Amino acid sequence: MDGFDFQVEVKRTNRKKSVSISLHRDTVRISVPRFISDTAIRGLIIKRTPWIKKKLREYSLRKTIKPTKYISGEILPYLGRNYQLEVINGTDNSVKLIGGCLVATIDRNKSNTKNSPKVLLENWYKIKAEKKLTEKTDYFSKLIGVYPKSLTVKNYKSRWGSCSIKGDLSYNWRIILAPNHILDYVVVHELCHLLEHNHSKKYWQHVEDYFPEWKNSRNWLRQNNYLASL
C-alpha cells in the first residue's frame, strides 16, 4: 500500500474476522477481512503509525548491534556498567571482575562446548542474576507483603519477567546486564502481579506505591530492549 514512509503489505482473507498488524523485519503486514475498505485500512495505519515507527526503530537498532563473539577486547555490560572482556588460558574455568575488566579463565585442555567462553560467561551471568534477583525479591516481598511460590531464572528472548497465575515468578537472566534500579523495577512489577494479575489502573497504582520511578525504568527497558537478545 502506497502513501506511507514505510513498506506495507495488506492481506485480505475470508478467514479473518478482525484486523491484525505485525512487523516482519522492516515491513508492516496487515491481515484484514475482505470487507474492510482501503480507506479503513489507511485510517488504521495512521492511527497505529507511532507504534509502527517505534517498532521499526527498534528493528533498525537491532540490525546495528553486532553479535557478541566473547573474545578479548569486547565490551560486555554488567549491572549497567561496561567491562572489557579478557579471555586467558588457565588450569580452571572461572570468571572474575578485576578492576574494569571481566576476566574469563579457560582451561584449553578441556575441549568441549561447555568449556567455551560464551557458555562460561553466560553461566556466570545466570548465577549472578539468580543471586541478585533472589535478594531483591526477598526484600520487596517483605515490603509489599506478598510472597511468590517459586523463583526461577530463564532464557527469555522477548520479556524480562513473568508471574504465573499460581504465583511462580520467572526472570530473564539478561536483566543482570541492566542498572541496579532497573532490576528493582522488574521485581516490583512482577510481585505486584500477585496483588493484581493484570495491568489495570489498580495494578499500576500498586507499582507506583512501591516504586515511584517506574515510568522512567519502563522507558529505559523499552529503549534498551536489545539487551534481551544479547
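Values quoted throughout were computed directly from the atomic coordinates according to the rules given, and no laboratory measurement underlies them. In this text, all values refer to a predicted model and were calculated from it rather than measured experimentally.
Quick notes on this one:
- Long-range HN-HN contacts of Tyr83 with modeled amide H, under 5 Å: Leu76, Tyr78
- With an a/c value of 1.5 or above and a/b not larger than b/c for the gyration tensor axes a ≥ b ≥ c computed over the alpha-carbon atoms, region 167-217 is described as oblate.
- In the list (i) 0.99; (ii) 1.04; (iii) 1.26, the label attached to Cα Rg over 2.2 N^0.38 Å as derived from the coordinates here is (iii).
- Once the Cα-Cα distance is subtracted from the 0.36 nm per residue extended length, the Ser22 to Ile71 segment shows a gain of 14.1 nm.
- Between Ile144, Ile165, Ile75, the GNM of the chain built on Cα springs shorter than 10 angstrom shows Ile165 fluctuating the most.
- Placed amide H near Thr152: partners under 5 Å, 5+ positions off or other chain: Leu169, Ser170, Tyr171
- Estimated 222 nm signal from helices in the chain, with DSSP H stretches of n ≥ 4 weighted -39500 (n - 2.57), rounded to 500: -13000 deg cm²/dmol
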